[in-house]
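Q: Here it is, the structure in full.
The values are calculated or read from the model by the stated rules, or taken from the named source; none is laboratory data. Only a predicted model underlies this, so the values are computations on that prediction, with no experimental measurement involved. Please note: Cβ atoms are built from the backbone with ideal geometry, for glycine as well, and neighbour counts cover all protein chains shown. Calculation scope for accessible area: heavy atoms of the full protein, side chains included, ligands and nucleic acids excluded. Shrake-Rupley method; radii C 1.70, N 1.55, O 1.52, S 1.80 Å.
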Amino acid sequence: MTARPERIVVVGASLAGLAAAHRLRERGFAGSLTLVGDEPHLPYDRPPLSKQVLRGLCTADTTLPRHPDLRAEFRLGRPATRLDPAARTVELGDGSRLPYDRLLIATGTRARPWPASEEAALAGVFTLRGRDDARRLGARLQAKPRRVVLVGGGFIGFEVASTCRDLRLPVTLLVRDAVPLAAALGPRLGGLVGEVAREKGVDLRLKTEIERMEAEGDRLAAVTLKDGERIETDCLVAAIGTLRNVEWLDGSGLEADAKGLRCDAFCRALLRDGSVAAGVFAAGDVARWPNPHDDDALVAVEHWGNARAQAETVADNMLAGDASAMRRHDHLPDFWSQQFGLTIKLVGLTEGADAFAVMHGSLEERRLVVAFGRDGRTIAAASIDSARWLPAYKAAIRERAPFPPIGDALDQTRIRVQDP
Ligand SMILES: Cc1cc2nc3c(=O)[nH]c(=O)nc-3n(C[C@H](O)[C@H](O)[C@H](O)COP(=O)(O)OP(=O)(O)OC[C@H]3O[C@@H](n4cnc5c(N)ncnc54)[C@H](O)[C@@H]3O)c2cc1C
């Protein structure tokens, strides 16, 4: 790798791309910096889209603040279509070619489209990923649809359901699994959030799927569930997960697939033969990296905090010269969500948890901190309306503390270890 890069190209002009650009300038990079984005907008923030924007509390213009001295060229509204790692060039949709000394791939994810394309095209059927989606859906919600049907038992589905209830809209939330949010929070906390959603008026249906949609002209009119029930609705939001934006890398030789773009501990993108693609890095939702907090198991997360932290690791490593001066990406995944008046925070990853303990508060109070264990080790902690103690658990997870991380909590007589 050239010791001093002169041209840095970032593909994906969003949170990770902008965070990397800021860090590069902060660290004294004085060369040319180009950010390529397929959306027509300057980098903006997504978390407010499902929260404040849909509620009508702010406009969909959630543009992220930019450093006044960023000196970056934004090529917006055109996608990168091809990468040639040997020639070190990125080709854009308009046919232009951008040479680079260092390249950051930060192309994130997109909403998984509703699988039946004729149904997806009906007026009244929405997905939510970008600010234009939020503007359109927000306008529809403000116009008071008869009933909103939400499909998907993840955070976006629950946040949109919560917003709809704040707007006093009737909501049916269809979840395929037996417990909502279980993949991230485990069944007990997921179940608790589901209970709160029901109390707030959400018609929550578990183990339920849509068989088909019905239209009147080109507008959605009703859905029929797999059990035959028909629900009239003129507004449906499909919150059924995401797809990683890696197709433009086809033919580049990079190891990229539906699970993400594979990189090494320093966030350098890897080729299919396992070698490093010279000068190419990845960060944010698109990246898949060895997680030092889980014995280097490959992980890809869709978390705001990781996108920023990983972008900063990449910027530092782009300027480091060679691998001996690079630092590994050791961010501990963390996430937050706000819904139904609850603030939920998570540190670490609960995947594979085999033990659970309430450390502070209680499930009944709905104000608590819980810890998750696996193979006798503390791997994650979550809080509901009680984040004060989370930093201590973050430290315990980083230190690979035994589970439970403390024997006696401050407000529990005895920590009781249970199934998650
Ligand atoms: C509605 C919503 C609410 C969220 N709420 C939370 C929350 O409460 N807490 C939390 O931790 N996280 C939340 N997230 C997740 C968080 O926003 C993401 O983790 C973060 O945006 C990831 O940033 P990124 O830069 O990696 O990717 P993205 O933000 O996905 O940006 C990637 C950019 O690259 C562009 N792109 C893709 N392909 C190309 C191409 N070929 N050429 C050029 N450009 C391309 C995309 O269009 C996009 O603009 C939320 C996400 C959404 C959608």
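Q: Based on this model, can you work out whether Asp316 counts as over 15 Å from the mean Cα position of the chain (by Cα), closer than 28 Å to Ala182 by Cα and more than 9 Å from the ligand (Cβ to nearest atom)?
A: Values: over 15 Å from the mean Cα position of the chain (by Cα): yes; closer than 28 Å to Ala182 by Cα: no; more than 9 Å from the ligand (Cβ to nearest atom): yes.
When the stated conditions are applied, Asp316 does not pass them.
Q: Could you list, ordered by first residue, the pairs with Cβ atoms under 8 Å in which the first is in segment 231-246 and hydroxyl-bearing (Ser, Thr, Tyr) and the second is within 10 Å of the ligand (Cβ to nearest atom), at least 6 apart or interchain?
A: These pairs meet every condition: Thr242/Thr109; Thr242/Arg110; Thr242/Ala111; Thr242/Arg129; Thr242/Asp285; Thr242/Glu302.
Q: Follow-up question, since we're still on this one. Given the criteria assigned to a strand (DSSP E or B) and either within 30 Å of Leu49 (Cβ to Cβ) or open to solvent by less than 30 Å² (accessible area, probe 1.4 Å) (or both), does Val370 qualify? Please lay out each step first, then the result.
A: Values: assigned to a strand (DSSP E or B): yes; either within 30 Å of Leu49 (Cβ to Cβ) or open to solvent by less than 30 Å² (accessible area, probe 1.4 Å) (or both): yes.
So Val370 fits the description; yes.
Q: State which residue is surrounded by the most Cβ atoms within 10 Å (Cβ to Cβ) when the search covers only segment 1-24 and only residues that are under 21 Å from the mean Cα position of the chain (by Cα) and part of a loop (DSSP other than H, G, I, E, B).
A: Gly12
Q: Still on this structure: Going by the structure shown, is Ala215 under 26 Å from Glu119 (Cα atoms) and either at pLDDT 95 or above or within 16 Å of the ligand (Cβ to nearest atom) (or both)?
A: yes
Q: Take the residues in segment 63-76 that are assigned to a strand (DSSP E or B) and either near the ligand (Cβ under 9 Å from one of its atoms) or touching a residue at least 40 places away in the same chain (Cβ under 8 Å) (or both), then tell me which one is surrounded by the fewest Cβ atoms within 10 Å (Cβ to Cβ).
A: Narrowing segment 63-76 to residues assigned to a strand (DSSP E or B): 63, 73-76.
Then keep just the ones that are either near the ligand (Cβ under 9 Å from one of its atoms) or touching a residue at least 40 places away in the same chain (Cβ under 8 Å) (or both); that gives 73-76.
Values: Glu73: 12, Phe74: 20, Arg75: 19, Leu76: 14.
It comes out as Glu73.
Q: Could I ask something else about it? How about segment 77-97: which of its residues are within 9 Å of the ligand (Cβ to nearest atom), of a type outside the set (D, E, K, R) and either part of a loop (DSSP other than H, G, I, E, B) or open to solvent by 30 Å² or more (accessible area, probe 1.4 Å) (or both)?
A: Pro79, Thr81, Gly93
Residues checked against (1) β-branched (Val, Ile, Thr); (2) within 20 Å of Glu302 (Cα to Cα); (3) surrounded by fewer than 18 Cβ atoms within 10 Å (Cβ to Cβ):
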{"residue": "Pro170", "(1), (2), (3)": "no, no, yes"}
{"residue": "Leu173", "(1), (2), (3)": "no, no, no"}
{"residue": "Val179", "(1), (2), (3)": "yes, no, no"}
{"residue": "Leu185", "(1), (2), (3)": "no, yes, no"}
{"residue": "Leu204", "(1), (2), (3)": "no, no, no"}
{"residue": "Glu209", "(1), (2), (3)": "no, no, yes"}
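Q: Those residues that are part of a strand (DSSP E or B), within 14 Å of the ligand (Cβ to nearest atom) and either open to solvent by 20 Å² or more (accessible area, probe 1.4 Å) or in contact with a helix residue (DSSP H, G or I) (Cβ under 8 Å, 6 or more places away or on another chain) (or both), I need them from segment 98-111; list them, please.
A: Correct list: Leu104, Ile105, Thr109, Arg110, Ala111.
Q: Within the bounds of segment 409-420, is there any residue that is of a type outside the set (Val, Ile, Thr), open to solvent by 10 Å² or more (accessible area, probe 1.4 Å), at pLDDT 95 or above and farther than 29 Å from Arg288 by Cβ?
A: No: segment 409-420 contains no residue that is of a type outside the set (Val, Ile, Thr), open to solvent by 10 Å² or more (accessible area, probe 1.4 Å), at pLDDT 95 or above and farther than 29 Å from Arg288 by Cβ.
Q: Only residues that are assigned to a loop (DSSP other than H, G, I, E, B), of a type outside the set (D, E, K, R) and either open to solvent by less than 30 Å² (accessible area, probe 1.4 Å) or under 24 Å from Gly321 (Cα atoms) (or both): list them for segment 25-62, please. Lay out the reasoning, then the answer.
A: Filtering segment 25-62 for residues assigned to a loop (DSSP other than H, G, I, E, B) gives 27-31, 38-43, 45-46, 50-51, 56-62.
Restricting the remaining residues to those that are of a type outside the set (D, E, K, R) gives 28-31, 40-43, 50, 56-60, 62.
Result: Gly28, Phe29, Ala30, Gly31, Pro43, Ser50, Ala60, Thr62.
Q: Also: Starting from segment 90-119, take each residue that is under 17 Å from Val151 (Cβ atoms) and at pLDDT 95 or above and list its partners that are open to solvent by 30 Å² or more (accessible area, probe 1.4 Å) and more than 16 Å from the ligand (Cβ to nearest atom), counting only C-beta distances under 6 angstrom and pairs at least six apart or across chains.
A: Pro113/Ala120; Trp114/Ala120
Q: Here is a check on your reading of the model: is Leu342 under 22 Å from the mean Cα position of the chain (by Cα), within 30 Å of Val171 (Cα to Cα) and within 16 Å of the ligand (Cβ to nearest atom)?
A: Working: under 22 Å from the mean Cα position of the chain (by Cα): yes; within 30 Å of Val171 (Cα to Cα): yes; within 16 Å of the ligand (Cβ to nearest atom): yes.
In short, yes.
Q: When segment 255-265 is examined, which residues are found to be free of Cβ contacts under 8 Å to residues at least 40 places away in the same chain and open to solvent by 40 Å² or more (accessible area, probe 1.4 Å)?
A: Within segment 255-265, the first condition is being free of Cβ contacts under 8 Å to residues at least 40 places away in the same chain, and the residues that meet it are 255-258, 262-264.
Hits for segment 255-265 are Glu255, Asp257, Ala258, Arg262.
Q: Next question. Identify, by number, the condition in (1) open to solvent by less than 30 Å² (accessible area, probe 1.4 Å); (2) away from the ligand (no atom under 16 Å from the Cβ); (3) at pLDDT 95 or above that Gly157 doesn't meet.
A: Answer for Gly157: the failing condition is (2).
Q: If you take just the helices (runs of 4 or more DSSP H) that sit entirely in segment 112-223, which of them hold at least 1 residues that are aromatic (Phe, Trp, Tyr)?
A: Details: elements: 117-120, 131-142, 155-166, 182-199.
Ranges flagged: 155-166.
Q: Checking Asn306 against (1) over 23 Å from Lys259 (Cβ atoms); (2) part of a helix (DSSP H, G or I): exactly one of these is not met. Which one?
A: With respect to (1) over 23 Å from Lys259 (Cβ atoms); (2) part of a helix (DSSP H, G or I), Asn306 is out only on (1).
Q: So which residues in segment 266-284 are open to solvent by 20 Å² or more (accessible area, probe 1.4 Å) and in contact (Cβ under 8 Å) with a residue 40 or more places away in the chain?
A: Applying the first criterion (open to solvent by 20 Å² or more (accessible area, probe 1.4 Å)) to segment 266-284 yields 266, 268, 271-276, 278.
Answer for segment 266-284, where residues must be open to solvent by 20 Å² or more (accessible area, probe 1.4 Å) and in contact (Cβ under 8 Å) with a residue 40 or more places away in the chain: Phe266, Arg268, Leu271, Ala278.
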